[in-house]
Structure formats: C-alpha cells, structure tokens
Amino acid sequence: MGSADLVPGVSGGTVAFVTGIYEPLVESVSNGSRALQAFITGHIRKGVGHLGDVDWFFLGPLVFGAAVAIFALAGLLERLLSDQPVRMAGFFFGLIVGTLFVAWRMVRRPEPEHGLIVLVVGLVAFAGFGLQGSAVVNPSGLVYALSGMLAIVAFVLPGISGSFMLLTIGMYQPVIGAVADRDLGPMLLFGVGAVLGLAVFSRVLERLLDGQHDRVVASVTGLMLGSFRILWPWPNGLGSDNGVGATELAMPSGDVGVPILLALAGAVLVILVTFAADRTK
C-alpha cells in the first residue's frame, strides 16, 4: 500500500481491495478514529476502550510496512517514473485493469443499477482527473497539513490516488521531495493532517459500507475506471513528455511492446494475488 500511494494514479486502497483486507482495514481505522475523538474531547476511559477495539495485530504491521515502503522506495520510484515513465505507466495500467475484476466481484448482488453507477462515476472521474495544477513553490505548514488531509483519502478509498490529488493541487513534488530528503518538518505537518483526515473520512466510509455496500463498491469501481486517464502510458501535453501524471491522451507510439507486456503482467499479477488471498481466507 505504501508503494502504491507514492504513484500518481495508483491507490493504496486498491491494494487493500486486491488482497482482501479492505473492509477489515476500514473497520480498524474507524475504531482508531473513535478513540482519537474520545481523547480530544477528554473522555479518556472511553478512548482507551475504543483502542481496545482496534485489531492492532492487523493494523500495526500494515501501517509499519506502508511506512517502510514509503521511506525506502520514494527515491527509487521518483527515478523510475522519471527514467521509464511509459513502461511504469503500462505496468500500473495493467494493475488497475486486474483490480476492476476484483472490485466487481465484491458487489454482493449485482444489478443493472450498479453497472450504471460504475459508468457514471467513471466518466465523472475521467473528466475530473484531467485537472492538474502547477507545482507550489515554498508551501506553508498549513498547506502541508491540508495536503495530508486530502491525500489520506487514498489510504481507505480505492480508485482515488493520494499522489494524484497532490499532483492536482501542485503539492506532489514538494511532498515527495520532503520524503526523499527526510525533511522532518514538512513530513510531520503532512502526517498530522493525514491523521485528522483519516479520523473523519474512515467513519463516514464505514457507515456507507454498512448501509449501501454494493453502491459504494460500484462507485469505487467507477473511480478506478476513471483513473485510466492518469495511467494511459502515452500521454501528450501538460508540460510533460513522460508517462505517469499527464492527463492528455495520445495514440501509442515509440515504446509500445514492453508497456503492453507489462500491462498484461500487472493484470495477471493482481488476479493471481486475488485468488491466493481467497484461498488464504
């Protein structure tokens, strides 16, 4: 999940979908947010009780692994996205193709309504993902915190890429640069914003999954469908001649064969991991 969250267009929540841990993740994070709310309002005993409801043997290793991946791979992914953008975009494109198959399987009682939701949300997301801002120069601490609140949505919502959200508001380069350079000040402010955003959003998502599970999953599937605009390996424009993150589309040209093979490999990998996760469960 940490590796995925570094890449514009790929969501850590998508990885949770693929590996079958999505709903337990939302439940654990939501319990943690209840504890945080109780502590903030002075209800210490109640907060301790909510902390006891969190599955720490599940959530602890997950958060630790994501953090390790982010710190270890930020520099590597930054180089790969710069040196091999088309091939990287092809691989990520294939991952999302496979994940669409996984997401649709999670609709418990498929109906035509759910297919329509996928289509409408996908079209809206496709249009929305066409927005992209120029990089912010010398952002303030408040901007880092607000960026964290927006980006953390990707931690619990498949199809929405936190990195692309940062790209859209011009904060991708400052944030990934701070991580790669181990600049603790901006990282801390970004983390505070992420914790606050996660506390609020996870509670909302848990209620939606409880009451409107199939519609929520269909909406998430539509978001992933729309994200193909970001991950199409042959973009053209927005000041970018490299793959991930540009949102104007062009016909395949130049390096075509390897990206297609990587896309097929990505799709197959997701489906194999899904079947392995099913067998494990």
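Mind telling me which of the residues GLY65, GLY60 ends up being over 19 Å from VAL18 (Cβ atoms), out of contact with any strand residue (DSSP E or B) (no Cβ under 8 Å at 6 or more places or on another chain) and part of a helix (DSSP H, G or I)?
GLY60
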Check: Has the stretch 24-33 got any residue that is modelled with pLDDT of 85 or more, buried (at least 18 other Cβ atoms within 10 Å of the Cβ), touching a Ser or Thr at 6+ places or on another chain (Cβ under 7 Å) and of a type outside the set (Val, Ile, Thr)?
Finding: no
Notebook entry, point to check: Consider ALA218 against the criteria (1) modelled with pLDDT of 80 or more; (2) closer than 23 Å to THR14 by Cα; (3) of a type in the set (A, V, I, L, M, F, W, C); (4) surrounded by fewer than 16 Cβ atoms within 10 Å (Cβ to Cβ): it satisfies all of them except one. Which criterion is unmet?
Noted result: (4)
Notebook entry, point to check: Any idea which of (1) without any contact (Cβ under 8 Å) to a residue 60 or more places away in the chain; (2) touching an Asp or Glu at 6+ places or on another chain (Cβ under 7 Å) is the one SER30 doesn't satisfy?
Noted result: (1)
Note to self: Cβ-Cβ under 9 Å, sequence separation 6+ or interchain: first residue in the stretch 176-194 and in contact (Cβ under 8 Å) with a residue 60 or more places away in the chain, partner outside any helix (DSSP H, G or I) and of a type outside the set (Val, Ile, Thr). Which pairs?
What the structure shows: ILE176/LEU6; VAL179/LEU6
Next item on the list: Select from the stretch 22-57 the residues that are among the polar types (S, T, N, Q) and not in a helix (DSSP H, G or I) and list them in ascending order.
Entry: THR41
Next item on the list: Give the residue that is modelled with the lowest pLDDT, with candidates limited to residues of the stretch 233-281 that are within 22 Å of GLU23 (Cα to Cα) and more than 20 Å from the chain's Cα centre (by Cα).
Entry: LYS281
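The values are calculated or read from the model by the stated rules, or taken from the named source; none is laboratory data. Keep in mind that what you see is a predicted model, and the values were worked out from it rather than measured. Ideal geometry is used to build each Cβ from the backbone, glycine not excepted, and the neighbour counts take in all protein chains shown.
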